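Engineer: Here you go, one structure.
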Amino acid sequence: MVGEINVKDVVQTFIQPDGSTLTALDHVNLNVKAGSFVSFIGPSGCGKTTLLRLIAGLTKPASGEITLDGEKIDGPHYERGLVFQNPTLFPWLSIYDNVAFGLKARKIYKDKKQEVSEYLSLVGLENFASSYPHQLSGGMAQRASLARALIGHPKVLLLDEPLGALDAFTRMNMQDELLRIRSEKSMTMIMVTHDVDEALYLSDKIVVMSPRPAKIEDIIDVKMFRPRQRNNPEFLRLRSQILKTLHYAGNEPEQEYVI
Amino acid sequence: MVIKKWLPALASAAAILIQLLIASNGNHPQADADYYLYVSIAGGVIALMCAAASHLHKGFDKIWSFKAPFWTGVIVFFAILDILTEKFCILPAIYFPSPSRIFGAMVSDHALLAKCLGYSARLLLTGFFGGAIVGILTGIAVGFSKAADYWISPIIRILGPIPSTAWIPLVLISFPSAVSASAFLIGLAVWFPTTVMTSSGIKNISNSLFEVSSTLGAGYFYRIFKVGVPSAMPSMFIGLFNGVCSSFITLMTAEMIGAKYGIGWYVNWQKEMMSYSNVYAGLIIIAVLCSLLITLLFKVRDKVLVWQKGVIKW
Ligand SMILES: Nc1ncnc2c1ncn2[C@@H]1O[C@H](COP(=O)(O)OP(=O)(O)O)[C@@H](O)[C@H]1O
Ligand SMILES: [Mg+2]
């Protein structure tokens, strides 16, 4: 199995417009086993995206290092696929060409042509190959960007709130699709989410982060069998445990009274 | 609306009737033949055929129904000009020649006008394509390279607003011939908007598109030419459209410097001769040429930017 990520003592800082330094990640250590599904969960603005971008290689840490299978990550690479919160498809390319983009960029399209339609049907878009991104619904566009990331056979797939903008039904379908894809093409998946149920439904491990500067507050092993039931007692127990950690990590929720 | 398709034919009929029924005013100089009448009859026949054809062919019907009001307007405009000039001599005869005299000028000068058209077209196309190609390349360089941005942007800002006439003395001594000097002036006028719009199009590309492409395995040049250039394309076309307009304005100036032929030269020359019917004849030809070039560019744009249909309207 390949696709093990090691985050060692990573610090990330940003210079803010007023000149002050903001510490987004404060000595974060994390090990993600090859082939596992890990979720990052934490209050918004705590540094989840920052950590994901570091693993993708889009930014470099201020100190510390991140390795993939023991090798230091130094810049973006197709072995670490990335799906953003919004689909970011190339608007001037058809869905087919969007999915084929990585193959063409790496000059292996000629040999792997047949995979494009294979991945299009994997995400259920075989009938939309010649459509343009603006002709798709949000959920379809997100599936297309998933296919685009998957076709390069990444060792690690990084997902930054990929389902955040979707309605509840599409969202649940996509969650099942992600699990199906992972079992079909074994790979490590790291997903940022702010939905506790989603994290519990999908993950082998849930990393709960504290507000800025992000530290890892808790790491929860989820050992339920799949497919998981969202009303299973263990599910509910872990759910309230995570919520408690998040409240403890953040501010106490304001009491709301509805009369 | 069936009547809409027949409007141009009806307007032509009215224009013909006006010419046949209202006597010419003696104060307005007469053309040597009833050219406007011939044009009206020809136009009327074409309008009739178009209206008939639109009843037979669905695709053509759509185009014609859309264009019919416009052509009606054109016909009515000339009819009104005819009434104000030849028929009642309300407008000063020197500056406002009758349609018959304008069309007459086209007929009597047709050989010279054709030659001028050829010269102008050659000058315009060399200047336009030269300026457009260099402009796109400069725009890409400025958009992607910090060094190019640092050195070229100030030059654009300084040179851009200077009217092309200001360059005439400098250009004349720097170029071997008047033609190359004129082509350069036109090229400069196209280069400016094309460069500005191309580079600003590239600078406005959302960074996440570049980031996504780099995680998919795209290298530096692949990102420039397969991500940067296509997404700057809409903006690039706006620059080119502006370029077409300024190239025509510059054509007039450019043909003042030692040109032997050319529509701009012809118009200038006839203006000095106070021969306004010829001036208008030349202007009509320039307008038609300009709108042809813009139509062509629209066609190219629609082909290149099919993906934009429904995204941006402009
Ligand atoms: N490029 C940047 N420049 C300055 N500050 C940034 C930058 N990226 C993120 N930050 C800051 O770092 C913090 C963490 O951001 P982020 O990782 O996006 O949070 P989230 O957990 O919601 O994904 C935020 O306070 C954000 O303002
Ligand atoms: Mg985020």
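The values are calculated or read from the model by the stated rules, or taken from the named source; none is laboratory data. All of these numbers come straight from a predicted model, not from anything done at the bench. We place every Cβ from the backbone using ideal geometry, glycine too, and count neighbours over all the protein chains shown.
Residue-wise test of (1) more than 16 Å from ligand 2 (Cβ to nearest atom); (2) among the β-branched types (Val, Ile, Thr); (3) modelled with pLDDT under 95.
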position: A:Leu22; (1), (2), (3): no, no, yes
position: A:Pro43; (1), (2), (3): no, no, yes
position: A:Cys46; (1), (2), (3): no, no, yes
position: A:Arg53; (1), (2), (3): no, no, no
position: A:Ile95; (1), (2), (3): yes, yes, no
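Engineer: So which of B:Phe175, B:Phe129, B:Phe184, B:Phe144 is in the same structural domain as B:Ile202 (by TED's automatic domain parsing), aromatic (Phe, Trp, Tyr), surrounded by 12 or more Cβ atoms within 10 Å (Cβ to Cβ) and under 23 Å from B:Ile205 (Cα atoms)?
Structural biologist: B:Phe144 is the lone residue from the list that is in the same structural domain as B:Ile202 (by TED's automatic domain parsing), aromatic (Phe, Trp, Tyr), surrounded by 12 or more Cβ atoms within 10 Å (Cβ to Cβ) and under 23 Å from B:Ile205 (Cα atoms).
Engineer: For A:Ile41, all conditions in the list (1) within 15 Å of ligand 1 (Cβ to nearest atom); (2) within 24 Å of B:Trp307 (Cβ to Cβ); (3) touching a Ser or Thr at 6+ places or on another chain (Cβ under 8 Å) hold save one; what is the number of the exception?
Structural biologist: Result: A:Ile41 fails condition (2) only.
Engineer: Sticking with this structure for a sec: Failed condition for B:Ser208, given (1) polar (S, T, N, Q); (2) within 14 Å of chain A (Cβ to nearest Cβ); (3) in contact with a Ser or Thr (Cβ under 7 Å, 6 or more places away or on another chain); (4) surrounded by 23 or more Cβ atoms within 10 Å (Cβ to Cβ), with all others met?
Structural biologist: (4)
Engineer: Scan segment B:275-294 and tell me whether some residue there is away from every other protein chain (no Cβ under 14 Å) and not in a helix (DSSP H, G or I).
Structural biologist: yes
Engineer: Moving on. Can you name the residue in segment A:129-154 that is buried (at least 22 other Cβ atoms within 10 Å of the Cβ) and part of a loop (DSSP other than H, G, I, E, B) and, of all such residues, is nearest to the other protein chains (Cβ to nearest Cβ)?
Structural biologist: Top of the filtered list is A:Tyr132.
Engineer: Kindly evaluate A:Val99 against the criterion of being part of a helix (DSSP H, G or I), away from every other protein chain (no Cβ under 12 Å), touching a helix residue (DSSP H, G or I) at 6+ places or on another chain (Cβ under 7 Å) and among the β-branched types (Val, Ile, Thr).
Structural biologist: Against the criterion (part of a helix (DSSP H, G or I), away from every other protein chain (no Cβ under 12 Å), touching a helix residue (DSSP H, G or I) at 6+ places or on another chain (Cβ under 7 Å) and among the β-branched types (Val, Ile, Thr)), A:Val99 does not qualify.
Engineer: When segment A:1-20 is examined, which residues are found to be away from ligand 2 (no atom under 16 Å from the Cβ) and either in contact with a Leu (Cβ under 9 Å, 6 or more places away or on another chain) or of a type in the set (Lys, Arg) (or both)?
Structural biologist: A:Val2, A:Gly3, A:Glu4, A:Ile5, A:Asn6, A:Val7, A:Lys8, A:Val10, A:Val11, A:Thr13, A:Ile15, A:Gln16
Engineer: Would you say B:Lys271 is of a type in the set (Lys, Arg), within 14 Å of chain A (Cβ to nearest Cβ), farther than 20 Å from B:Gly130 by Cα and in a helix (DSSP H, G or I)?
Structural biologist: Criteria not met by B:Lys271.
Engineer: In segment A:192-250, what residues are among the hydroxyl-bearing types (Ser, Thr, Tyr) and not in a helix (DSSP H, G or I)?
Structural biologist: A:Thr193, A:Ser203, A:Ser210
Engineer: State which residue is nearest to the other protein chains (Cβ to nearest Cβ) when the search covers only segment A:59-76 and only residues that are part of a loop (DSSP other than H, G, I, E, B) and surrounded by 20 or more Cβ atoms within 10 Å (Cβ to Cβ).
Structural biologist: A:Pro76
Engineer: Quick check on my filter: what residues within segment A:155-188 are within 16 Å of ligand 1 (Cβ to nearest atom) and away from chain B (no Cβ under 14 Å)?
Structural biologist: A:Leu163, A:Gly164, A:Ala165
Engineer: Same structure again: Looking at (1) within 15 Å of ligand 1 (Cβ to nearest atom); (2) part of a loop (DSSP other than H, G, I, E, B), which is the one condition that is false for A:Gly124?
Structural biologist: Every condition holds for A:Gly124 apart from (1).
Engineer: Given the criterion out of contact with any Cys (no Cβ under 7 Å at 6 or more places or on another chain) and not in a helix (DSSP H, G or I), identify the matching residue among B:Ile16, B:Ile46, B:Ile83, B:Ile90.
Structural biologist: Of the residues listed, the single one that is out of contact with any Cys (no Cβ under 7 Å at 6 or more places or on another chain) and not in a helix (DSSP H, G or I) is B:Ile90.
Engineer: Being aliphatic (A, V, I, L, M) and either farther than 30 Å from B:Met106 by Cβ or not assigned by TED's automatic domain parsing to the domain that holds B:Phe175 (or both) is the requirement here; does B:Val306 meet it?
Structural biologist: Here the answer is yes, as B:Val306 does meet what is asked.
Engineer: Quick one: is A:Ala56 within 16 Å of ligand 1 (Cβ to nearest atom) and away from every other protein chain (no Cβ under 14 Å)?
Structural biologist: no
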